[in-house]
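Only one structure is covered here, and it is reproduced in the block below.
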Amino acid sequence: MSSLSKTSFQEMTFLDEMIDQVIILDKSRNVCCANKSAFTRFGNDINGKNISLILRDAKLLESIDLAINNKKTQIVDIEIKLPNFEFYKANIIPGPSKLCNQDQSVMIFLKDLTEIYKTQQLKSDFVANVSHELRTPLQSIKLGLETINEGHATNDFESQKKFLPIMLQQTERMESLVSDLLSLSKIELQEHIRPSIEIDLDEIINHVIKINSDLIKKRKMKIEYSADKDAHKILGDRNRLIEIFTNLIDNACKYSEENTLINISLHKKSDNFLFSIKDHGVGIPKKFLPRITERFFRVDPARSKEAGGTGLGLAIVKHIVNQHRASMDIISDEGKGTEVTIEFPKA
Ligand SMILES: Nc1ncnc2c1ncn2[C@@H]1O[C@H](COP(=O)(O)OP(=O)(O)OP(=O)(O)O)[C@@H](O)[C@H]1O
Ligand SMILES: [Mg+2]
């Protein structure tokens, strides 16, 4: 740094303040200068190294040649696959630069767009998933309508009897998918707004058990609920909390054999309240637990679909839990059962 002139020194200080990585190459494509961010990202020993040893990307190397030969700025996207996925936009500006005492140098500005890229990827995966989830029931409705339409002239009542219930069931499936999607998008928008109304958790849990009594009876499940006597006041959104407990009771019923027990409890835990719902059902294999709250993720898609599931329940629960500044934990033993706990901060 001692050989830098005053202006070069100022330039370097300015570059060091940048979040973007800046690397300056000499005419042999070796690093002659880099800013702090580049050293942090690519290592403190990059000075003097050839760029091909730092960023092995054919497009980048080609663009550096082009920038130097044509004396024109080049812009190129760089994808690094290993060890972790990274995505950069590189601006390659041909020299000379005061920071590199050579006529032919080239400055590379790297903008890290990994997070934006990943978000975009998630969005397009989501659209693809939604389209797929809607197309399946839609195809079966279309098939039913075509068959009934063909038999219409001959009064084919058999086809009508066979296909109408299927079409109704598939329409209901699409309806619940659309309503879950709406719910998810609403809660995502409001996640940062913490509810401010005092709510009694015990009262809500009792209410949810009551409104789900038909489902519980149908599945012949036994529910045992125990709660500490004191008031269980939290800051909450009543309808959203109902959504959480309904989803969790629904899962406990759906993924358990008939005639089994579901234990629900609400206890004080230092300054918080700990809600727990424990079933003795099929459980979740350990390897799937980290993905269980992802949208559309199901351990057994066939079983979930048969039970009318859209795979959005736990994703919705997770966002509502976040909105309440609560934390959720899921532990499960395959073949033995699952316990979901949520710790709510006291009002
Ligand atoms: N209590 C549980 N026991 C075993 N597996 C569970 C349990 N809860 C959830 N799962 C697994 O996690 C997956 C995702 O659950 P989630 O509630 O998000 O979706 P779903 O139940 O399939 O559909 P939806 O809730 O939208 O009706 C389920 O498909 C199931 O494989
Ligand atoms: Mg569910």
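Is the range 6-112 rounded, prolate or oblate when judged by the Cα gyration tensor, a ≥ b ≥ c being the square roots of its eigenvalues, rounded requiring a/c under 1.5 and prolate requiring a/b larger than b/c?
Cα axes put the range 6-112 in the oblate bin.
Where does the chain land at 222 nm, in deg cm²/dmol rounded to the nearest 500, when only DSSP H runs of n ≥ 4 count, each adding -39500 (n - 2.57), divided by all residues?
After summing the helix terms and dividing by residue count, I get -15000 deg cm²/dmol.
For residue 269 paired with residue 82, estimate the spin-label separation in nm (one decimal), with each label point 7 Å from Cα along the Cα-to-Cβ line.
Label-label distance for residue 269 and residue 82, simple model: 4.1 nm.
Nothing charged except the Cβ atoms of Lys and Arg (+1) and of Asp and Glu (-1): what's the magnitude of the dipole of the chain about its Cα centre? Round to the nearest 20 debye.
In debye, rounded to 20, the chain gives about 380.
For the chain, set up a GNM with springs between Cα atoms under 10 Å and report which of 41, 238, 173 has the largest fluctuation.
Residue with maximal mean-square fluctuation among 41, 238, 173: 41.
Using alpha carbon centroids, what distance separates the range 272-307 and the range 15-56, in Å?
46
For the chain, modelled as a Gaussian network with Cα springs under 10 Å, which listed residue fluctuates most, 292, 75, 316?
75
Apply the Karplus curve 6.51 cos²θ - 1.76 cosθ + 1.60, θ = phi - 60°, to the phi angles in the range 230-246 and return the couplings in whole Hz, x for Gly and Pro.
The phi angles translate into 4, 4, 10, 8, 10, 8, x, 10, 3, 5, 5, 5, 4, 4, 4, 5, 5 Hz.
Kindly work out what percent of the DSSP beta bridges joining two residues of the range 192-347 are antiparallel, to the nearest 5.
Within the range 192-347, antiparallel bridges account for around 80 percent of the total.
Let me know the charge dipole size of the range 6-112 about its Cα centre in debye, to the nearest 20, where only the beta-carbon of Lys, Arg (+1) and Asp, Glu (-1) is charged.
Computed about the Cα centre, the dipole is about 180 debye.
How long is the gain from residue 28 to residue 188 if the chain were fully straight, where each residue apart is worth 0.36 nm and the alpha carbon distance is subtracted?
Between residue 28 and residue 188, full extension yields 52.5 nm more.
Step through the residues of the range 52-65 one at a time and calculate ³J(HN,Hα) from phi using the Karplus curve (6.51 cos²θ - 1.76 cosθ + 1.60, θ = phi - 60°), rounding each to whole Hz and writing x for Gly and Pro.
Once θ is set to phi - 60°, the couplings for the range 52-65 become 5, 8, 9, 10, 8, 9, 4, 5, 5, 5, 4, 5, 5, 4 Hz.
Taking R0 as 35 Å, what's the FRET efficiency between residue 56 and residue 289 from their Cβ-Cβ distance, rounded to 0.05?
Efficiency computed from Cβ-Cβ geometry: 0.50.
At a 1.4 Å probe, what is the % contribution of carbon and sulfur to the accessible area of the range 192-347?
Carbon and sulfur together cover 50 percent of it.
If I model a spin label as a point 7 Å beyond the Cα along the Cα-Cβ vector, how far apart are those points for residue 17 and residue 149 in nm?
Simple spin-label model gives 6.7 nm for this pair.
Using the structure shown, select from 233/287; 222/268; 123/254 the pairs with a Cα to Cα distance greater than 31 angstrom.
From 233/287; 222/268; 123/254, over 31 Å: 233/287.
Under 10 Å, Cα contacts only: if you run a Gaussian network model on the chain, which one of 223, 148, 249 comes out with the highest mean-square fluctuation?
Most flexible of the set in this elastic network: 148.
Which length gain, in nm to one decimal place, applies between residue 238 and residue 44 when the Cα-Cα distance is subtracted from 0.36 nm times their residue separation?
Gain on extension, residue 238 to residue 44, equals 64.4 nm.
Straight-line reach only, C-alpha to C-alpha below 18 angstrom: list the aspartates and glutamates that residue 71 could link to, leaving out same-chain residues fewer than 8 apart.
Within reach: 26, 62, 103.
From the phi of every residue in the range 278-289, what ³J(HN,Hα) in whole Hz does the Karplus formula 6.51 cos²θ - 1.76 cosθ + 1.60 yield, where θ is phi - 60° and glycine or proline is x?
So the Karplus estimates, Gly and Pro as x, are 10, 10, 10, x, 5, x, 10, x, 3, 5, 8, 3 Hz.
For residue 260, list long-range residues whose amide hydrogen, built 1.01 Å from N in the peptide plane, is under 5 Å from its own amide hydrogen.
Distant-sequence amide H within range of residue 260: 222.
For the chain, what does the accessible surface come to per residue with a 1.4 Å probe? Please give it in Å².
In whole numbers, the chain has 58 Å² accessible per residue.
Under 5 Å between amide hydrogens, which residues at least 5 positions from residue 105 or on another chain qualify, with H placed 1.01 Å from N in the peptide plane?
Result for residue 105 returns 95, 97.
Positive end of the dipole of the chain, charges at C-beta (+1 Lys, Arg; -1 Asp, Glu), about the Cα centre: which of 53, 155, 323 has its Cα farthest in that direction?
Positive-end residue among those listed: 53.
May I ask you to derive the FRET efficiency for residue 325 and residue 302 from their Cβ-Cβ distance with R0 = 35 Å, giving the value to the nearest 0.05?
0.45
Take the solvent-accessible surface of the protein heavy atoms, probe 1.4 Å, and return the percent of it on the range 6-112 that carbon and sulfur atoms account for.
52
Within 10 Å, count the other beta carbons around each residue, average over each peptide in 13-20, 198-205, and list them highest first.
Sorting 13-20, 198-205 by mean packing, highest first, produces 198-205, 13-20.
Quick check: at a probe of 1.4 Å, how many percent of the accessible area of the range 115-190 sits on carbon and sulfur atoms?
Carbon with sulfur: 61 percent of the solvent-accessible area.
Give me the aspartates and glutamates in straight-line cross-link reach of residue 162: C-alpha distance below 15 Å, same-chain residues under 8 apart excluded.
Leaving aside aspartates and glutamates fewer than 8 places away in the same chain, those within reach of residue 162 are 146, 150.
The values are calculated or read from the model by the stated rules, or taken from the named source; none is laboratory data. What you see is a predicted model; the values in this text were computed from it and never measured. No Cβ is skipped: glycine too gets one built from the backbone with ideal geometry, and neighbour counts run over all protein chains shown. What goes into the accessible areas is simple: the full protein's heavy atoms, side chains included, and nothing from ligands, DNA or RNA. Shrake-Rupley method; radii C 1.70, N 1.55, O 1.52, S 1.80 Å.
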